[in-house]
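All remarks here apply to the structure that follows.
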Amino acid sequence: MTTITEAVPETRSFEADVAKLLHLMVHSVYSDKDVFLRELISNAADACEKLRYEGLSNASLLGEDGQPRITVTLDPDNRRFTIEDNGIGMSEEELADALGTIARSGTKAFMDKIAGAREAEGSHLIGQFGVGFYSAFMVADQVEVISRRAGADTAASWSSDGLGTYTIQPVDSADAPGRGTRVLLHLKEEASSYTESFTIERTIKTQSGHVPVPIFLKDRPDAEPKQIADGAALWTRPKTEVTAEEYKDFYRSAAGQFDEPALTLHYHAEGLHEYSVLAFVPETKPFDLFDPDRAGRMKLYVRRVFITDDAQILPRYLRFVRGLVDSNDLPLNVSREMIQESPVLAAIQKGISNRVLSELDKLTTGDTERYLKIWDNFGPVLKEGLYEDYTRREALLGLARFKTTAPGSEWRSLKDYEAGLKENQTAIYYATGTDLDRLAASPQLEGFRARGIEVLLLTDQVDSFWVTSGLDYEGKPFKSVTQGLADLSLIPLADGEQPAVAASDAVNGFIAFVKETLGDAVSDVRVSDRLIESAACLVAPEHGMDRQLEKLLAGAGRLDTAAKPVLEINPHHALVEKLSAVDGSDEVIRADAAHLLFDEARIADGELPVDPRAFSARLMRLLERGIG
Ligand code: ADP
Ligand code: MG
């Protein structure tokens with residue numbers, strides 16, 4: 001091996017975002033500083049797994065040291081903490097890239113998130129954003145990393161006090177690990193407890209006891225290493241031998257989460273394909289659930305060798321599931337790209353997806369409360385499957401839960417809905433909007449309520465898309481209460497009253513007048529059978545888009561021209577009857593009333609009047625007349 005006689009230290013500045021992040025870590029008041037341990041161990045384990053994978057195609061990388069290992073060394077006298085792995089290691093350039101120069105996408109996202117988070121949450125967020133390494137600065141005022149890339153003759157060091165700059169330099173081979181990375185922390189005074197072997201052993205066992213690499217602890221630099229975790233893959237053990245506590249610890253260290261798993265899935269598939277699955281549904285929402293780039297979080301192993309974490313193992317709408325699959329049939333030496341094409345992977349994907357849905361389904365009756373929590377968190381994501389995955393629509397519709405106009409505010413299933421169908425009811429009715437309370441108070445719902453017809457109240461963005469994707473439930477189509485004709489005449493009112501008789505000639509005359517007055521602003525003005533208490537409301541024309549979808553697309557800049565709405569008028573409303581009786585020669589009041597009805601219907605939909613100044617002028621005129 002070559003030795004470098006003249007080391008040239010080179011000092012560089014952290015990229016701006018990294019520097020900010022570090023400032024945060026150094027001055028951190030985060031309560032849970034143990035996080036740094038979990039993060040450094042997770043990096044060391046990742047490095048060992050990467051080597052195991054690269055070693056498949058290049059056995060010489062492993063050399064004589066084929067056993068992956070993580071060693072933690074404590075030095076209480078000098079207040080030092082060292083963690084060393086014999087994994088893939090980093091070259092000089094990789095050190096600079098990974099630990100300072102390139103602000104990875106997670107850095108900025110993390111800081112945005114942390115700005116709004118409570119203190120106690122801060123430390124819990126670190127691992128989720130790929131900024132784990134920097135957590136070392138929560139407990140250390142100087143961090144040194146010495147690393148040798150597998151197969152390389154030379155080694156390099158990275159060193160920083162976390163205050164804006166770092167130094168990179170080649171190091172003498174004799175001072176570096178034979179392969180892999182050594183991270184040396186000069187602990188802050190208040191962090192000296194991290195040199196107590198009892199505390200460290202306990203923390204590592206609970207936080208990282210199930211990483212797939214054995215962990216050794218030396219309580220002094222010259223002590224014998226003691227194995228404190230065996231690196232046995234938890235998922236290869238039979239389910240009956242794994243405790244809930246172990247699952248939880250594994251979940252936390254694998255997912256970088258601090259919550260409990262809401263659902264744990266552990267099984268071994270046999271038959272055509274053999275594989276093990278250990279997967280979890282988190283109890284809380286990950287921060288990037290709706291990030292369009294968010295990939296799935298299922299790792300792929302082949303016979304216990306980590307292969308990749310970006311194989312699309314689950315469909316997008318199950319992207320909240322964390323965990324891994326370990327296949328016995330996939331070839332070990334296949335490239336990551338080829339794996340994606342493999343029919344074996346396709347079979348595994350299908351098997352796991354079905355299994356996740358069927359386990360969720362079991363939970364709907366087995367532990368309803370827990371299921372509803374999952375639905376509350378991930379329902380909006382699962383609903384994406386309604387239009388993305390035709391083959392599992394039925395299963396997904398079965399899992400779907402809704403807020404509806406039914407008395408009480410519980411979640412309702414479509415089965416519940418079906419049980420309450422009214423005679424002659426031919427569709428499943430829904431209303432889409434953004435705010436549940438406002439939606440529930442929409443005038444368009446009055447006629448449905450009066451007939452005891454349940455209406456689904458849909459407030460997730462995704463709702464506007466799946467309801468229009470042409471699906472039905474048990475032969476009943478989904479129909480918007482704000483689009484087209486309501487056609488409720490065949491369904492009697494709930495209190496036994498018959499729907500009122502048709503509109504009078506005077507009312508019809510008034511409606512024709514309103515239509516003429518509003519002109520181009522509306523596509524039609526007509527008698528409504530969906531109104532009971534309100535005088536007027538707006539609906540979308542039968543063909544085309546529902547109003548909520550229009551608003552969504554317009555808001556996203558994806559719609560140039562919106563369709564003109566239909567103004568529906570309640571022919572039995574006292575005001576409408578009075579207006580219809582007004583002398584035809586009093587054009588001003590009738591025209592004012594026509595515009596006001598239209599504007600008032602817009603307001604009920606959460607919009608502004610067409611022309612706010614004209615609106616208030618009309619309102620004033622009418623009020624004056626009313627008083628005078
Ligand atoms: P993440 O692990 O999510 O990528 P980190 O901040 O924990 O984010 O680590 C940053 C990067 O530094 C890693 O992606 C890896 O490339 C590199 N790294 C950190 N620790 C090690 C290690 N022990 N061995 C090899 N590479 C490492
Ligand atoms: Mg990490």
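Read-outs: derived from the displayed coordinates by stated rules, not from any lab. The structure presented is a predicted model; accordingly, all values stated were derived computationally and were not measured. Cβ atoms come from the backbone with ideal geometry, glycine included; neighbour counts cover every protein chain shown.
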Quote the Stokes-Einstein diffusion coefficient, in whole µm² s⁻¹, for region 10-229, based on the Kirkwood radius over alpha carbon pairs, a temperature of 20 °C and a viscosity of 1.002 mPa s.
-> 122 µm²/s
Loop-resident GluC sites (Glu not before Pro) in region 187-233 with no more than 15 other Cβ atoms inside 10 Å, DSSP not H/G/I/E/B, are 196
For region 505-627, what is one quarter of the convex hull surface built on the Cα atoms, given in nm²?
-> 8.1 nm²
What's the local net charge at residue 273, with K and R +1, D and E -1, over the other residues with C-beta under 14 Å away?
-> -1
Considering only DSSP beta bridges with both partners in the chain, what is the antiparallel share in %, to the nearest 5?
-> 75 percent
Once you list every other residue whose beta carbon is under 11 Å from the beta carbon of residue 311, what net charge do they have if Lys and Arg are +1 and Asp and Glu are -1?
-> -2
Please grab the % of Cα pairs in region 393-480 that end up more than 23 Å from each other.
-> 14 percent
The chain: relative contact order from alpha carbon pairs under 8 Å, six or more residues apart, as a whole percent, is 9 percent
For q = 0.17 Å⁻¹, what log10 I(q)/I(0) does region 234-371 give under the Debye formula with an equal point scatterer on each alpha carbon and no solvent?
-> -0.96
For region 234-371, size of Cβ-based charge dipole, Lys and Arg +1, Asp and Glu -1, in debye = 140 debye
What fraction of the DSSP beta bridges in region 505-627 is antiparallel, stated in percent and rounded to the nearest 5?
-> 50 percent
By a straight-distance test (C-alpha under 16 Å), which lysines pair with residue 373 as possible cross-link partners, with residues fewer than eight away in the same chain excluded?
-> 285, 362, 383, 403
Computed Rg/Rh for region 219-285 (Cα atoms; Rh = Kirkwood radius) stands at 1.11
Taking the Cα centre of region 169-293 as the origin, how large is its charge dipole in debye, to the nearest 20, when only Lys and Arg (+1) and Asp and Glu (-1) carry charge on their Cβ atoms?
-> 200 debye
The size of the Cβ-based charge dipole (Lys, Arg +1; Asp, Glu -1) of the chain about the Cα centre, to the nearest 20 debye, is 560 debye
Cα-based Kirkwood hydrodynamic radius, region 302-403, one decimal, Å | 14.9 Å
Relative compactness, region 153-283, computed as alpha-carbon Rg over 2.2 N^0.38 Å | 1.38
Please list the equivalent ellipsoid semi-axes of the chain, computed as the square roots of five times the alpha-carbon gyration tensor eigenvalues, in descending order and whole angstrom.
-> 64, 28, 20
